[in-house]
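K.L.:
The structure's right below; bear with me while I get my questions together.
Every number here is computed from the coordinates shown, using simple stated rules; none is lab data. Keep in mind the model is a prediction, meaning the values are calculated, not measured. Cβ atoms come from the backbone with ideal geometry, glycine included; neighbour counts cover every protein chain shown.
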Amino acid sequence: MYQTVIGLEVHAHLDTKSKCFCGCSTKFGQRPNSQTCPVCLGLPGSLPVLNESALQLALKAALALKCRVSKFIKFDRKNYFYPDLPKNFQISQYDLPLSHDGELYVDTESGVKKIRIRRTHLEEDAGKLIHPEEGKESLVDFNRCGIALLEIVSEPDLNSPQEAYDYLSRLKAILEYLEVSDCNMEEGSLRCDANISLMPEGRNTPGEKVELKNMNSFKGVKQALEYEMERQKALLDKEEKVVQETRLWDALNCVTVSMRSKEEAHDYRYFPEPDLAPFVLDEKYIKKIKESLPELPKAKAERFVREYKLPQYDAGVLTCDKYLADYFEECVKLYPKPKVISNWIMTGLLAHLNERNIEVRNLKFKPKSFVAIFQMMDEGVINGKIAKGILPQMLDGKREARDIVKEKDMQQITDAKGVEGIVREVIAENPKPAADYYRGKDAAFAFLIGQVMRKSGGRANPQIANKILKEKLGRRDNA
Ligand SMILES: [Zn+2]
């Protein structure tokens, strides 16, 4: 038996307008190499200047993760050669990171678990290589080069791929709450590397560590770790050695493949960045940032219980995503029945979104349209069954709830005449169940009412249909 030991390194783009050490825009999706200057291209004679908002956002994250912030700020050069790195070094922080010794509490299968944060530090991103399918050459886009990154390194406190997944989800939620990063994984704003080793039971030192790269979703991280766990286990079972190396996740074939032996810190020849003078942060500056921290998931969940009288479970689900929590609160402002909204979000909305892999922040309909469903139910315009059917039709954001009901003629049939016509037809078509009911067989009534609802396309008002059917069948209820 083995214990799995996992540590994660997360890189998050800080949500600054300009890059970390120059004034170039960080806007995503612009023409390649249109957002560059001598500084981020590393031209001779150019000098970097630290972007203060990058420092502020990084400090916010560090403080929210309960890290100890270093007051002495110093940058270092991490030297390596790669075509997407025009300076041949990256400005990073080596021996004196921005912050260290933090913690993050994660909901896992076995309860709440504390994961220690080893360090967070500020650095710049590299450019991006593009390999066109046709042609032998590769292209490089330096627009991303120099964008501020926060690296968050956990201690190896995670013991399963699922725990790694849960940690990432929680960390992403916190960064989104803080508004320090948009955490958009498709655009590469949030990336994760993992290291994993197996420790034979009864031993205290983990085995050889393998570093995993190239996962571009949390699901990918989990799958890569699961694969790697099995691969290492098979080797150890055969008494073979696990080689310490970096492996790439191949999402297409669902395997990890060897990339290179792992670099050691000395391979990077770190030394202090001579173009950026070290400086000292004063207490007041840190205190001010600490005071600007917004309400975080745990505090928000507690407030939801208190303010909206929601069960703890509901509050936990609603606050695990900032965008969902905001959406819920907007809805409550328009329709002050929190528990109704919470039920519909948890059992209806989230199920549809998960099925289609849509994130709440990309939800296309506004709270106003969502609560219109409940308002129409209260007004007697639609029944619960119809209401459930409207929701998936709203997901493309093209039509409001009320328009769908009008367009598709989904209003309830509440006029007695309309319902009566349907009841007559149902009795005429089902003489046997009608007679059975008359003779005292109650089960036949349920069948008949089912037929009425079916014939009306679910639109007959159930109370009215009940009443009219009973009248028409002619059995006295006390018989
Ligand atoms: Zn630049």
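K.L.:
With ILE373, ILE345, ILE382 as the choices, which residue is over 21 Å from the mean Cα position of the chain (by Cα), part of a helix (DSSP H, G or I) and of a type in the set (A, V, I, L, M, F, W, C)?
P.N.:
ILE373
K.L.:
May I ask you to say which residue of PRO200, PRO206, PRO272 is touching a residue at least 40 places away in the same chain (Cβ under 8 Å) and touching a Ser or Thr at 6+ places or on another chain (Cβ under 6 Å)?
P.N.:
Answer to the check: PRO206.
K.L.:
Which of the residues that make up the range 5-38 are within 14 Å of the ligand (Cβ to nearest atom), farther than 15 Å from ASP182 by Cβ and buried (at least 20 other Cβ atoms within 10 Å of the Cβ)?
P.N.:
Within the range 5-38, LYS19, CYS20, PHE21, CYS22, CYS24, GLN35, THR36 meet the criteria.
K.L.:
What is the residue count in the range 436-464 for residues that are surrounded by fewer than 17 Cβ atoms within 10 Å (Cβ to Cβ) and either over 29 Å from GLN411 (Cβ atoms) or of a type in the set (Asp, Glu) (or both)?
P.N.:
6
K.L.:
Would you confirm whether or not the range 359-378 contains a residue that is exposed (fewer than 14 other Cβ atoms within 10 Å of the Cβ) and small (Gly, Ala, Ser)?
P.N.:
No, the range 359-378 contains no residue that is exposed (fewer than 14 other Cβ atoms within 10 Å of the Cβ) and small (Gly, Ala, Ser).
K.L.:
Sticking with this one: From ILE174, ILE91, grab the single residue that is within 16 Å of the ligand (Cβ to nearest atom) and in contact with a Leu (Cβ under 9 Å, 6 or more places away or on another chain). Reasoning before the result, please.
P.N.:
Details: ILE174 fails: within 16 Å of the ligand (Cβ to nearest atom).
ILE91 is the lone residue from the list that is within 16 Å of the ligand (Cβ to nearest atom) and in contact with a Leu (Cβ under 9 Å, 6 or more places away or on another chain).
K.L.:
Continuing with the same structure: If you take just the helices (runs of 4 or more DSSP H) that sit entirely in the range 269-337, which of them hold at least 3 residues that are of a type in the set (D, E, K, R)?
P.N.:
Output list reads 283-291, 297-308, 322-334.
K.L.:
Something else: Can you pull out the strands (runs of 3 or more DSSP E) entirely within the range 86-192 that have at least 2 residues that are of a type in the set (Val, Ile, Thr)?
P.N.:
Because the criterion is at least 2 residues that are of a type in the set (Val, Ile, Thr), the strands (runs of 3 or more DSSP E) in the range 86-192 that meet it are 99-108, 111-124, 148-154.
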